[in-house]
Protein chains: 2
Amino acid sequence: MKIAEKIDDMRKLRRRLTEPVGFVPTMGYLHEGHLSLVRKARTENPSAVVSIFVNPMQFGPQEDFVSYPRNTQHDLALLDKAGTDLVFIPQADEVYPQPFSARVEIGKVTERLEGTARPGHFRGVTTVCAKLFNIIQPQRAYFGQKDAQQAIVIKKMVTDLNMNIEIVTLPTVREPDGLALSSRNTYLNPHERQAAVVLYQALSLAQQLYANGEKNAERLRQEIIGLIQQQPLANVDYVSIANAETLDELDTVKPPALVSLAVKIGRTRLIDNIVI
Amino acid sequence: MKIAEKIDDMRKLRRRLTEPVGFVPTMGYLHEGHLSLVRKARTENPSAVVSIFVNPMQFGPQEDFVSYPRNTQHDLALLDKAGTDLVFIPQADEVYPQPFSARVEIGKVTERLEGTARPGHFRGVTTVCAKLFNIIQPQRAYFGQKDAQQAIVIKKMVTDLNMNIEIVTLPTVREPDGLALSSRNTYLNPHERQAAVVLYQALSLAQQLYANGEKNAERLRQEIIGLIQQQPLANVDYVSIANAETLDELDTVKPPALVSLAVKIGRTRLIDNIVI
């Protein structure tokens with residue numbers, strides 16, 4: 001496994017890889033969700049490239065950029081074991097040499113859900129992904145369904161800007177009790193960790209009610225909110241039932257619909273979703 | 001010479017070209033300025049690709065998108081003669097299938113001069129160039145110094161977004177009396193055509209005054225404006241003396257400085273510039 005910290009080195013090492021190249025962009029502190037993406041990239045392509053970069057541009061000023069968990073040596077060992085060919089692990093001033101002023105804006109699908117809760121977040125995600133795609137020039141890039149809106153936004157960027165990349169989305173990986181894997185789960189104390197299962201329980205309830213015939217989106221939202229409010233450590237940020245492509249909120253559930261939510265468990269903000 | 005109207009066809013034909021590929025994006029109605037770019041692309045690369053696309057996104061609502069001159073058959077004959085390998089000539093709905101919402105924003109260098117006079121213009125230029133670069137995947141792209149700010153903006157986009165393309169800028173091609181070639185010169189009636197030489201005369205005056213020791217930018221601006229105001233058909237839009245990379249306005253001229261201006265001759269808005 002090769003490792004590059006500089007863009008020029010990365011381009012040189014990339015040129016030697018057998019195409020097609022599968023690429024997994026990450027912020028590190030890797031878990032089984034990331035590794036499922038890497039293994040898929042490895043299976044579907046002769047070459048697998050992973051980036052580890054905690055991207056300051058996608059964090060708001062009040063958010064957890066500084067405290068975001070990092071464990072590079074452990075990450076590299078996991079990536080090596082998963083069959084990664086090349087890792088890009090740049091410093092912030094390599095990615096954003098000053099003065100830096102470009103932005104990739106995707107519009108409507110970035111202006112709701114996480115985009116409303118985290119202004120500027122998706123501008124940071126799309127700008128860094130455009131840069132990484134240009135540096136790494138993958139044929140395929142892999143994203144987790146856990147960050148459903150992110151995958152939708154990236155697909156829209158690729159479509160609108162004619163990037164010649166296939167975006168592959170893979171299922172959310174969960175703990176045995178249903179909690180979606182997230183690097184931020186490390187923020188949870190044992191009580192919060194137990195409480196955090198309420199996100200998946202609420203999504204499962206919605207799925208079950210829908211399967212039993214409930215098509216009214218507002219009633220489903222209220223059922224989800226009601227369940228979460230029974231958990232004293234939980235505070236709902238948003239609950240959405242939206243068209244899974246346009247993210248327009250629905251009155252009547254019509255598949256494929258994205259049921260997504262953001263909930264604070266103590267001071268930790270978690271997101272999860274299902275598609276029905 | 002091959003011609004493609006669809007993106008898929010373009011990608012297929014592009015794959016067959018010998019690399020490196022030189023690319024010249026145009027809005028058609030080609031003149032010797034465009035052809036100098038095509039010939040350079042042809043000389044520096046085994047393959048030369050040209051696009052012809054009057055890009056609606058870079059025109060303001062009150063601007064000349066509808067009346068912009070078009071002459072495709074003549075353009076294709078000129079391109080064939082200049083040694084073009086492949087021409088991309090898409091319709092607007094091929095480039096912007098609805099719903100289309102992505103934008104590439106470059107920030108500061110787009111917010112002055114033409115960016116102030118034509119809000120949204122550079123957003124249209126950079127978005128379409130990002131798309132064309134992704135479709136055509138050239139190793140080099142060629143722009144004319146006549147649109148100096150455009151070349152600066154495109155270079156900034158390529159740098160900030162790590163596009164793996166060399167941007168080549170070639171000198172402005174002029175008529176014998178000094179008027180910079182522009183597709184918009186066709187709007188001028190014979191009186192206006194005579195009057196239009198005042199842009200180049202004003203730039204030449206500034207260059208001469210600078211050579212004679214005048215380093216005060218404001219005095220140079222006033223001399224330029226004074227000369228243009230002697231021409232009754234001319235109305236100054238702006239006169240700028242700025243750092244040729246950052247476009248920050250200068251108090252004291254220090255090379256390389258971009259002396260640029262926009263002047264209306266009758267109803268036709270023309271731009272020109274020199275670097276001192």
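Values in this text are rule-based calculations from the coordinates and carry no lab data. Just so it is clear, the model here is predicted, and its values are computed rather than measured. For neighbour counting, all protein chains shown are included, and Cβ atoms are generated from backbone atoms with ideal geometry for every residue, glycine included.
Remark: relative contact order (the range B:2-170) = 30 percent; criterion is Cα-Cα distance under 8 angstrom and separation of 6 or more residues.
Let me know the volume per residue of the alpha-carbon convex hull for the range B:132-215, in Å³. Write down the numbers at each step before the final one.
On the way: hull volume 11.0 nm³, N = 84.
Residue-normalised Cα hull volume stands at 131 Å³.
Just how far, in whole angstrom, is the range A:241-276 from the range B:201-276 if you go by their alpha carbon centroids? Between the Cα centres of the range B:201-276 and the range A:241-276 lies a distance of 56 Å. Among the trypsin sites (Lys or Arg not before Pro) in the range A:193-276, those located in a DSSP loop and surrounded by at most 12 other Cβ atoms within 10 Å of their own Cβ are A:Arg267. Radius of gyration (Cα atoms) of the range A:2-170, expressed as a multiple of 2.2 N^0.38 Å: 0.97.
Note that the protein assembly as shown carries a Kirkwood radius of 26.2 Å, evaluated over its alpha carbons pair by pair.
Per residue of B:91-100, other chain Cβ atoms within 10 Å of the residue Cβ number 1 on average. Using a cutoff of 8 angstrom between alpha carbon atoms and counting only pairs six or more residues apart, the relative contact order for the range B:183-275 works out to 29 percent.
Quick one: work out the % antiparallel among DSSP beta bridges in chain B, nearest 5. Taking every DSSP beta bridge within chain B, about 50 percent pair in antiparallel fashion.
Only the Cβ atoms of Lys and Arg (+1) and of Asp and Glu (-1) were treated as charged; on that basis the dipole of chain A about its Cα centre amounts to roughly 500 debye. For A:Ser240, the shell of other residues with beta-carbons less than 11 Å away shows a net charge of -2, using +1 for Lys and Arg and -1 for Asp and Glu. Calculated on the Cα set of the range B:93-189, radius of gyration then Dmax: 14.9, 47 Å. Look at the dipole of the range A:183-275 built from charges on Cβ: of A:Asn212, A:Leu199, A:Thr186, the Cα furthest out on the positive end belongs to A:Thr186. Residues whose amide H falls under 5 Å from that of A:Arg174, counting only those 5 or more places apart or on a different chain, are A:Leu181, with hydrogens built in the peptide plane. For B:Val66, go 7 angstrom from Cα along the Cα-to-Cβ vector, then report the distances to that same point in the other copies in nm, smallest first. Spacings between copies for this position, smallest first, are 5.7 nm. Across all Cα pairs in the range B:44-112, the calculated P(r) in 5 Å bins from zero up to the longest distance comes to 3, 11, 17, 18, 18, 16, 12, 4, 0 percent per bin. With the convex hull of its Cα atoms as the shape, the range B:1-42 has an orientation-averaged projected area of 3.4 nm². Rounded to the nearest 20 debye, the dipole size of the protein assembly as shown about its Cα centre is 820 debye, using +1 on the Cβ of Lys and Arg and -1 on the Cβ of Asp and Glu. The ellipsoid that matches the Cα gyration tensor of the range A:212-252 has semi-axes, each √(5λ) in whole angstrom, of 21, 14, 6, with the longest given first. Pairs of lysine residues in the range B:2-170 that meet both criteria, 8 or more places apart or on different chains and Cα atoms under 17 Å apart, total 11.
About its Cα centre, the dipole of the range B:183-275 is roughly 360 debye, where the only charges are +1 on Lys and Arg Cβ and -1 on Asp and Glu Cβ.
Between the alpha-carbon centres of the range A:112-155 and the range B:151-182 there is a gap of 31 Å. A point 7 Å from Cα along Cα→Cβ stands in for A:Gln207, and the other copies hold the same point at 7.1 nm, listed in rising order. Looking at the range A:201-276, the GluC sites (Glu not before Pro) that sit in a DSSP loop and have at most 12 other Cβ atoms within 10 Å of their own Cβ are A:Glu245.
The P(r) of the range A:183-275 has a tail past 15 Å containing 56 percent of all C-alpha pairs.
For A:Pro97, the label point sits 7 Å beyond Cα toward Cβ; its separations from the matching points on the remaining copies run 3.7 nm, from shortest to longest.
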